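The values are calculated or read from the model by the stated rules, or taken from the named source; none is laboratory data. Treat the numbers as computed from the prediction; the structure is a model and nothing was measured. All Cβ positions, even for glycine, are placed from backbone atoms using ideal geometry, and neighbour counts span all protein chains on display. Protein only, heavy atoms only, side chains kept; ligands, DNA and RNA dropped before computing areas. Shrake-Rupley method; radii C 1.70, N 1.55, O 1.52, S 1.80 Å.
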Amino acid sequence: MMLEKKDFFCQVKSMLGNEVEYIGIINRQGRMEDDVCNNDIDLPAEKKEMFCMGIRLQNSMESDFNDELGSVNYTITERGNSKFVSIPASSHTILTIMNKNADHTVVINKIKTIVREIKNLQGIPDRLCDQN
């Protein structure tokens, strides 16, 4: 049975709360394909698009060094009272925005578990499932 992104978001939606504010999937062109949130990214549409493209570009550039340094599991950027966590997933990037004091490791592991449970999730490669 082939499951779709909506199944992923149905499961991650339960993670939204005091610590996790936003979860989205950025495609290889740097466009936000879909998201769930309590608080959207507070940027005008054009700047939000540029922000997502920047995250995707950073992930793409980091992958150039995978052979020498190993794959990137995630990247964290702290801004104000928030942590922006990007999890590369081959041609996609999962972006999670959480409270600065949140345990990002717990959130990342929950996302990876959900992806692992939905192995055939259309659009998110299994590479994410293979990491611990």
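Worth a mention:
- Listed residue (Leu95, Cys52, Ile41) projecting farthest to the positive dipole end of region 28-96, Cβ model: Ile41
- Shape of region 43-115, Cα gyration tensor, a/c cut at 1.5: oblate
- Ordered by solvent-accessible area of protein heavy atoms (1.4 Å probe), largest first, the residues Lys83, Lys13, Lys5 come out as Lys13, Lys5, Lys83.
- Percent accessible area from carbon and sulfur atoms, region 8-67, protein chains only, probe 1.4 Å: 46
- Backbone amide hydrogens, once placed in the peptide plane, bring Lys83 within less than 5 Å of Met98, Asn99, Lys100, excluding anything fewer than 5 places away on its chain.
- Pairs beyond 18 Å (Cα-Cα), from Lys13/Lys112; Lys13/Lys47; Lys5/Lys110; Lys6/Lys47; Lys47/Lys110; Lys48/Lys83: Lys13/Lys47; Lys6/Lys47; Lys47/Lys110
- Listed residues Cys10, Cys37 arranged by accessible area, highest first, probe 1.4 Å: Cys10, Cys37
- Coordinate range of the alpha-carbon atoms in region 1-93 per principal axis, descending: 41, 38, 25 Å.
- Modelled this way, with points 7 Å down the Cα-to-C-beta line, the labels at Phe9 and Asp103 are 2.9 nm from one another.
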